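Scroll down for the structure; my scribbles are underneath it.
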Amino acid sequence: MLAGGKGTRLRPLTIHTPKPIVPIFERPFLHYQLDLLKQVPEIDEVILSLNYQPRRIEEIFGDGSEAGLNIRYVVEPEPLGTAGAVRYAGESLHESVVVFNGDVLTNVDLAAVLKLHRERKAKATIVLTPVENPTAYGLVETDADGNIQRFLEKPKADEITCDTINAGIYILEPDTFDRIPKGEPWSIERSFFPSLIERNETFVAYVYRGYWIDIGTPEKYTQVHRDIMDGRCVAAPFASAPGSAWISPNARVEDGAVIEGPCYIDDGAVVKAGAKVGPYSVVGRQCHIEEHAVIDRSILWSSSRVSQEATVRNSIMGRHCHIGRSASLDNGVVLGDKSVLTDFSRL
Ligand code: GDD
Ligand code: MG
């Protein structure tokens, strides 16, 4: 699992929380990926390849026994890029390796990908998924038999020739790793994959048309919450009741507060009389939403206070923020942990 990036596009949220553990409904993101890996009994060990704030991640997952997996950590002394990280973490491996970008959420059937990889006796198999605009991803062209013909990372608008992109999930044969130079930054997308094509290796595609998202920008991070709330992506806690208002039994919603689903209100949160939590909102643990405050289409991590008559719309707030009385936030505001907005401020 490549989980060493700095998560720059999610700053300031990722200043104290590395991207692999940003919360999705207050659950560290990597849990969702580990759930997928757990469905494949053949996966006997998970290696988390880390660089940025590794301790924070290790503290959460430990040896993996709680998650029902065997987890090991490999921390790069400095970022080695996506291929350098694979070589560094995979040095001692002799069996096929599943490589996963640490920021994608999907329900792809990994066992079926492995099966294709074996049937085709491939050196590498990558999962592709169609998207509307490939410019933020790695564009991948294939032939009619699913052989990869071209890999173009972050194509310009006039370079787009198809809609299939690299979904960030690969199966690789470790005997290819010695082509990655040791100890220097190397990109799997820009160097390793093109080199497989140049050498005419068996490099095949598994096209997946189901749910897939990269959570690495505030827009996509927000989108994944909406997709789970609406049931487009089936995941806890909305798996059995998409569209509902999920309110923890340990939250306190006062009489006269208005809650409109789909939304999520976590343990210890308090929503005071006259306050409103509107659709597509997430109110994290121990947040206080005071009288006549409004939360609408926004995600609040834990322990923030939104004071009386303040409104928070279309925004994301890190932990321990304080929004003063009658302040208002709208239109894509992203606040880092411990932000303070004085009374009547507008952002
Ligand atoms: N260990 C380690 N070391 N991990 C790294 C490093 C590194 O130096 N650099 C990046 N990563 C991890 C990130 O944490 C992330 O989980 C993953 O590698 C991919 O990096 P991103 O920075 O998120 O890349 P991207 O989203 O722009 O593009 C990649 O993902 C797309 C799909 O989401 C590429 O693989 C694209 O081709 C692909 O389409
Ligand atoms: Mg990404």
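The values are calculated or read from the model by the stated rules, or taken from the named source; none is laboratory data. Being a predicted model, the structure only gives us computed values, none of them experimental. All Cβ positions, glycine included, derive from the backbone under ideal geometry; neighbour counts span all protein chains shown.
One residue is enough: does the stretch 166-175 have a residue meeting the conditions free of Cβ contacts under 8 Å to residues at least 60 places away in the same chain, within 16 Å of ligand 2 (Cβ to nearest atom) and buried (at least 17 other Cβ atoms within 10 Å of the Cβ)?
Yes, some residue in the stretch 166-175 is free of Cβ contacts under 8 Å to residues at least 60 places away in the same chain, within 16 Å of ligand 2 (Cβ to nearest atom) and buried (at least 17 other Cβ atoms within 10 Å of the Cβ).
With ARG55, ARG87, ARG11 as the choices, which residue is surrounded by fewer than 16 Cβ atoms within 10 Å (Cβ to Cβ) and either in contact (Cβ under 8 Å) with a residue 12 or more places away in the chain or under 16 Å from ASP214 (Cβ atoms) (or both)?
Answer to the check: ARG11.
Since GLU290 meets every condition but one in (1) touching a residue at least 40 places away in the same chain (Cβ under 8 Å); (2) among the charged types (D, E, K, R); (3) crowded, with 19+ Cβ neighbours inside 10 Å, which condition does it not meet?
Checking GLU290 against (1) touching a residue at least 40 places away in the same chain (Cβ under 8 Å); (2) among the charged types (D, E, K, R); (3) crowded, with 19+ Cβ neighbours inside 10 Å, the one that fails is (1).
Checking the structure you have, find out if any residue of the stretch 98-109 is within 16 Å of ligand 2 (Cβ to nearest atom), buried (at least 22 other Cβ atoms within 10 Å of the Cβ) and small (Gly, Ala, Ser).
yes
Specify which of the listed residues (ILE180, ILE171, ILE165) is at pLDDT 95 or above and in contact with a Gly (Cβ under 7 Å, 6 or more places away or on another chain).
Every option except ILE165 fails the conditions.
Hey, among the residues in the stretch 208-232 that are surrounded by fewer than 17 Cβ atoms within 10 Å (Cβ to Cβ) and either in a loop (DSSP other than H, G, I, E, B) or modelled with pLDDT under 95 (or both), which one's farthest from ligand 1 (Cβ to nearest atom)?
GLY231
Suppose we filter ALA144, ALA122 for residues that are away from ligand 2 (no atom under 16 Å from the Cβ), at pLDDT 95 or above and in a loop (DSSP other than H, G, I, E, B); which single one remains?
After ruling out the rest, the residue left standing is ALA122.
Suppose we filter the stretch 41-87 for residues that are touching a Lys or Arg at 6+ places or on another chain (Cβ under 9 Å), under 23 Å from ARG190 (Cα atoms) and charged (D, E, K, R); how many remain?
Of the residues in the stretch 41-87, 1 are touching a Lys or Arg at 6+ places or on another chain (Cβ under 9 Å), under 23 Å from ARG190 (Cα atoms) and charged (D, E, K, R).
Inspect all residues belonging to the stretch 178-199 and state whether any of them is among the basic types (Lys, Arg) and closer than 23 Å to LEU110 by Cα.
No, the conditions are met nowhere in the stretch 178-199.
Answer yes or no as to whether VAL258 is β-branched (Val, Ile, Thr), modelled with pLDDT of 95 or more and surrounded by fewer than 17 Cβ atoms within 10 Å (Cβ to Cβ).
It is true that VAL258 is β-branched (Val, Ile, Thr), modelled with pLDDT of 95 or more and surrounded by fewer than 17 Cβ atoms within 10 Å (Cβ to Cβ).
Could you check ASP178 against (1) closer than 25 Å to ARG72 by Cβ; (2) among the acidic types (Asp, Glu); (3) part of a loop (DSSP other than H, G, I, E, B) and say which number it fails?
The one condition ASP178 does not meet is (3).
What about ALA83, is it over 23 Å from LYS6 (Cα atoms) and out of contact with any Leu (no Cβ under 7 Å at 6 or more places or on another chain)?
When the stated conditions are applied, ALA83 does not pass them.
Filter the stretch 292-347 down to the residues that are outside any loop (DSSP other than H, G, I, E, B) and among the charged types (D, E, K, R), then identify the one that is nearest to ALA269 (Cα to Cα).
ARG305
Taking ALA235 as the residue in question, decide whether it is assigned to a loop (DSSP other than H, G, I, E, B), farther than 25 Å from THR8 by Cα and within 19 Å of the chain's Cα centre (by Cα).
Criteria met by ALA235.
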